[in-house]
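Step one of this worksheet: look at the structure below.
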Amino acid sequence: MTSWAADKKPFVPIDPVMPLSQVKPGMKAEIRTVLHGTKISKFSATLLGIIPRKTSPKNLVLIRVDDPYVRANGGIAAGMSGSPVYVGGKLVGAIGYGWQFGDNNLGLVTPVEEMVKAFNWPDRIPPFGVSAKIPKEPISADVKPVAKDEPVSDDIKEKPDPCDFAIEGITSADVTSEDQCPEEEPAPDKETEEPGEETVSDDIKTGPTSEDIAKLYDAELIPLGMPMLVDGISSRVTEELKKRLGLPLVPLGGASSDGVAAKLNTTPEPGSAIGASLAWGDIQIGGIGTLTALSKDGRFIGFGHPMAGQGAVSYPLTEATILQVIPSMESSFKLGYQGPIIGIITQDRPEAIAGHIGQLAPAISYRVRFNDVDSKKDIVKRFQTAADPFTGPVIGSMGMLGIIDDLWARRGEGTAILKYKFYGGNLPNGWEKRNIFFSDQDLIGSLLIEFDNLSELFALNQFQEIRPFGVELDVEITRDARVVFIEKLDIVNKKDSYSPGEKIELEITLRPWRKRSMIKRIPIIVPKNALGFCEILVRGGGIMEPEQESLATGLRAISNLDDLLKELSVKETNNQIIIEIDGPQSREKEGKEKPSIEDLLEERLQSEIRAERIKKGEMVIVDTNYYVEGLLRKMIKIKRTGAKEEAGPTDEDEAAMRAQAEALEATGGEAEDVPPDAGEEQLFFRMKRKTTR
């Protein structure tokens with residue numbers, strides 16, 4: 001179970017606070033942020049006014065940068081978000097927003113009383129221990145559970161607060177219950193008295209001009225978070241991940257060369273550069289901002305806007321180093337990289353990010369072993385992602401694919417042998433699968449669906465949380481075509497007809513890519529209930545694979561994790577040769593002249609059907625070290641004991657059956673027609689398969 005916890009104790013910044021009700025246009029402010037390295041710099045600014053809003057954050061404070069150096073070097077930049085703003089030594093809030101293609105010397109401050117609302121929400125941190133085992137046996141849905149008190153956001157009150165803008169949960173010597181709303185006129189404070197006109201330089205006015213306002217309305221308001229930097233995966237996989245996460249990912253690097261270690265005994269200062277990580281280790285995905293405030297109990301707030309807007313989260317908080325502020329007409333930004341983990345981010349809300357210093361975030365672990373057969377390169381990469389069942393698997397699967405794409409350093413044809421292992425709590429023996437992939441155009445692109453399906457299936461299965469959770473992937477890759485083609489199918493000592501239960505010797509000719517062909521003999525047994533005309537089918541795994549008909553028709557459902565893994569295990573792989581006899585079968589049971597409707601419905605899962613067919617010898621599966629291509633058929637006549645003699649198929653019958661088979665393959669295996677002169681039982685024969693992998 002995921003732990004839910006809300007801090008009932010209000011967040012109280014260590015620094016004294018100036019409430020929004022005391023903020024006046026023209027006040028001189030000091031901003032603290034890192035411009036280079038890890039040293040906190042201070043620069044001056046002027047408060048220009050308050051912008052009320054209907055959405056969160058409810059109010060924003062317009063400011064203008066005064067410092068000549070900062071103005072000349074890009075002004076307010078992305079990555080400055082969270083930089084604390086002080087007036088007379090009191091914390092007003094943090095830089096949060098700016099404009100694209102606007103005046104970079106203007107910005108918007110998120111007031112501190114808005115930022116602390118991030119702690120009004122309950123945390124949702126996955127525990128580090130093994131998740132509880134869900135019993136397979138159902139319980140009665142008629143038993144009414146005992147209602148439990150659940151934490152509710154402090155923003156939801158029984159009675160509306162007459163002063164929406166009052167500070168909640170912040171105490172200092174200068175903040176009392178008599179604090180007034182912005183609409184009211186408080187008595188001027190000597191320390192924060194509105195400065196005279198002589199204190200402002202000629203080119204910096206105390207309020208925005210009409211021309212300034214017009215420019216702001218034309219520009220797009222954006223959070224001043226640094227773009228999410230990505231390192232360790234290829235640029236094209238980064239683009240795919242960007243689409244899936246909906247985040248501004250930039251493949252520009254983002255972690256120190258030593259990787260991201262933990263450093264939990266440090267305490268950053270307000271104004272320090274900090275990072276938020278979605279993935280860390282040999283790949284890095286995260287953004288950089290600034291720490292706004294700390295409390296005595298080790299909590300923090302920062303950014304002044306959301307990172308990804310995910311609500312309750314469990315992301316690592318890291319140190320960060322700034323290389324340079326990069327000026328830009330669109331929006332200046334800090335260029336930097338993340339350092340050691342120093343805490344956990346538990347809230348990602350519209351007003352701020354928030355969390356705890358000195359705590360670790362649970363994670364999903366990934367390990368990729370990459371073996372390039374052609375270059376003899378053998379490399380192991382490890383990384384972790386946030387333990388989120390929705391974003392974690394997306395980042396993990398794309399991260400593994402991006403590592404392979406980056407290490408192979410080419411785009412085009414090739415063969416890859418993949419071996420997966422999923423392990424964790426409630427998977428005592430883990431789960432493994434091996435598969436081979438080939439593409440004559442883009443090998444890495446052909447792996448995309450495979451990576452997506454498996455990772456998400458485990459993380460999002462509806463039966464059981466798997467915690468802790470990890471994935472290991474061994475990849476052997478080559479530019480060569482490790483492909484074998486099913487070239488010919490012969491029946492040894494072929495006869496005009498066969499009896500149910502009779503053994504048939506098959507001779508299958510296989511040709512590896514541009515190599516000498518080879519012949520393999522395989523025996524197969526005619527099903528005991530076969531009748532009429534059946535076909536011997538030899539195909540590559542995944543080509544015309546039978547559907548889970550009992551699931552598709554609603555006759556059966558997978559009801560637990562063990563059954564899910566069993567069905568995943570029998571899923572055909574591309575390196576298999578599948579040999580089977582298929583066709584109409586007698587559904588009559590002893591003592592019945594005609595089958596009942598129950599006899600005609602298939603309620604078994606594919607794992608059960610396949611196990612029975614293999615045991616009876618009606619299906620043979622051969623694993624190879626090749627990607628198997630091709631599909632061949634042979635029609636045979638089944639003569640049942642006691643049945644009247646039937647003439648063999650005429651040339652016209654064979655031509656019709658061959659045309660039907662070709663049509664079946666051309667339509668993706670959806671055709672269900674049978675010869676017009678088929679018997680009643682043959683009408684129940686359904687061959688509904690897909691010819692594509």
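Rule-based calculations on the coordinates, nothing more; no lab input. Quick caveat, the model's predicted, so the values are computed rather than measured. Heads up, the Cβs are rebuilt from the backbone with ideal geometry, glycines too, and the neighbour counts pull from every protein chain shown.
With respect to the cross-link table entries K433/K488; K503/K566; K615/K639, which display a Cα-Cα separation exceeding 27 Å? Could you put the intermediate results ahead of the total?
On the way: K433/K488 29 Å; K503/K566 29 Å; K615/K639 23 Å.
Over 27 Å Cα-Cα: K433/K488; K503/K566.
Using alpha carbon coordinates only, what is the Rg to Rh ratio of the stretch 319-379, with Rh defined as the Kirkwood radius?
On the way: Rg = 18.8 Å, Rh = 16.0 Å.
Ratio of gyration radius to Kirkwood radius: 1.17.
Cross-link pairs exceeding 28 Å between alpha carbons, from the set K334/K377; K39/K263; K495/K515: K334/K377; K495/K515.
With θ taken as phi - 60° and the Karplus curve 6.51 cos²θ - 1.76 cosθ + 1.60 applied, the whole-hertz 3J(HN,Hα) list for the stretch 51-66 is 10, x, 9, 8, 9, 7, x, 5, 9, 10, 10, 7, 10, 10, 6, 9 Hz, x standing for glycine and proline. A Stokes-Einstein calculation at 4 °C with viscosity 1.567 mPa s, built on the Kirkwood radius of the stretch 1-123 over Cα pairs, returns a diffusion coefficient of 85 µm²/s. Near V230: Cβ cut-off under 15 Å, other residues only, Lys/Arg at +1 and Asp/Glu at -1. The net charge is -1. Of the trypsin sites (Lys or Arg not before Pro) found in the stretch 500-534, those that fall in a DSSP loop while having at most 11 other beta-carbon atoms within 10 Å are R514, K515, R516.
Ordered by the number of other Cβ atoms lying within 10 Å of each residue's own Cβ, fewest first, S81, S607, S559, S272 fall into the sequence S559, S607, S272, S81.
Got the relative contact order for the stretch 364-478 handy, in percent, Cα pairs under 8 Å and 6 or more residues apart? Reported as a whole number, the value is 38 percent. With Rh defined as the Kirkwood radius, the inverse of the mean 1/r over Cα pairs, the Rg/Rh of the stretch 228-361 is 0.95. Per the Kirkwood formula applied to alpha carbons, the stretch 364-478 shows a radius of gyration over Rh ratio, Rg over Rh, of 0.97. For the stretch 454-604, the C-alpha radius of gyration sits at 1.39 times the compact-globule guess of 2.2 N^0.38 Å, with N the residue count.
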